[in-house]
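The values are calculated or read from the model by the stated rules, or taken from the named source; none is laboratory data. Just so it is clear, the structure is predicted and the values come from calculations on it, not from any experiment. Please note: Cβ atoms are built from the backbone with ideal geometry, for glycine as well, and neighbour counts cover all protein chains shown.
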Amino acid sequence: MMLRDLERILLNLKDYCKMSTYKLKDFVDPIAITVQNPAKSGYERFVGLEHYDSGELVIKRYSGVELLTTNAKAFQKNDILIARRNVYLRRAGVIYFNGITSGDSIVLRVKADCKAQTGVNRELAQKVLPLVLNTDKFWIYANKHADGMNSKRISKDMLMEYEFDLPSLEEQKVLADKLWAAYRVKEAYRQLLTTTDDMVKAIFQKMFGEGEYPSKALQEICKTLVAGGDKPSDISEIKSSEYPFPIYSNGEGERGLMGYAKTYKIKDDAITIAARGLVGYTAIRRGKFTPVVRLITIVPNSEINLFYLKYFLDTIEFKATGGAQKQLTIPNVEKEQIIVPPIELQKEFAAVFNQAEATKASLRESIASIDRVIRSLINQ
């Protein structure tokens, strides 16, 4: 199904619905089956808060149970999990495997006698409720009634009282089928993203992974490695900029007004590496302003292709140092060994890389478009 056809079909459903009102407790029961000693429980999959993806209808990620030392809760295929903490992150989804989760999740199970109570059969309810629990209306309700200040929590009692509208059975089925069809198309595009990455990785390995080309330290193939207050001749300083950062207002450690990072305009094409936060994240910057306070900026010399180097850097697991806030420094980075094949081979790979990036950009645009359509229908 083409993306435009899918959008047209979905958007034609907007005026299709006559509503009836229900409460969540009409459809589901909260489940609290304690699992002691999870590592020896026989379960293989654990879903923690780190495995939720905000706004996603399905929870797919998980880890093993081997290192778990505290009690957990069991869930089964087709249950719905909701993250109790940090309500603003909007984390709720259906799950399609058996496993265990932490006390920070609420487990909801569609009632066996759902049809008798609501007129909606269990199979249809399992499709519809993840849509209901990802609406703006639900999360506004959850935020309003959640407990706490900094880390607001949902309670089961509050959850069960949530009131929502549904159309007739026929309309529910049509809407659910179309929305889940849209979700499957989105997942297919996501799989194509993964396939594209795998293809580029395989080509890179085939071209450069046999050990036939020399390696050099990063500092040997770069004209500049810029961080902190350094200012080589390759860059020009901009005294004020759009990049604010927190500074201390006095010598006693009191955090005060916002100041501005020392910022440079790179004259040549460059690559930046995140020194804090998303440590190791790389980006290509072409004549742009660069706030060096949180970035290391690299300007490659004529031996190395910009796009080849960017891809190679993404294969490196940089060694960050520090305590609570890990960071990279130039000494961490400049000694990294980079394979340096002939420049023509690098350019050949760069052409593959850029074509793959263009394909991925188009796929991401399609995914975002489907997401917008789904959100618009869910939030009618």
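Worth a mention:
- Test: E317 is assigned by TED's automatic domain parsing to the domain that holds L278, part of a loop (DSSP other than H, G, I, E, B) and more than 27 Å from T194 (Cα to Cα): no
- Selection status of L81, outside any helix (DSSP H, G or I) and either hydrophobic (A, V, I, L, M, F, W, C) or farther than 22 Å from D157 by Cβ (or both): yes
- Only a single item in (1) within 24 Å of the chain's Cα centre (by Cα); (2) under 24 Å from I33 (Cβ atoms); (3) of a type in the set (D, E) is not met by D136, and it is number (2).
- Of all the numbered requirements in (1) under 27 Å from S376 (Cα atoms); (2) of a type in the set (S, T, Y); (3) assigned to a loop (DSSP other than H, G, I, E, B), S151 misses one, and that requirement is (1).
- Under the condition of being assigned to a helix (DSSP H, G or I) and either free of Cβ contacts under 8 Å to residues at least 60 places away in the same chain or among the acidic types (D, E) (or both), the residues counted in segment 325-356 number 12.
- Set K127, K73: member being part of a strand (DSSP E or B) and buried (at least 18 other Cβ atoms within 10 Å of the Cβ): K73
- Among residues of segment 33-47, those that are part of a loop (DSSP other than H, G, I, E, B) and either touching a strand residue (DSSP E or B) at 6+ places or on another chain (Cβ under 7 Å) or farther than 15 Å from G103 by Cβ (or both), counted: 7
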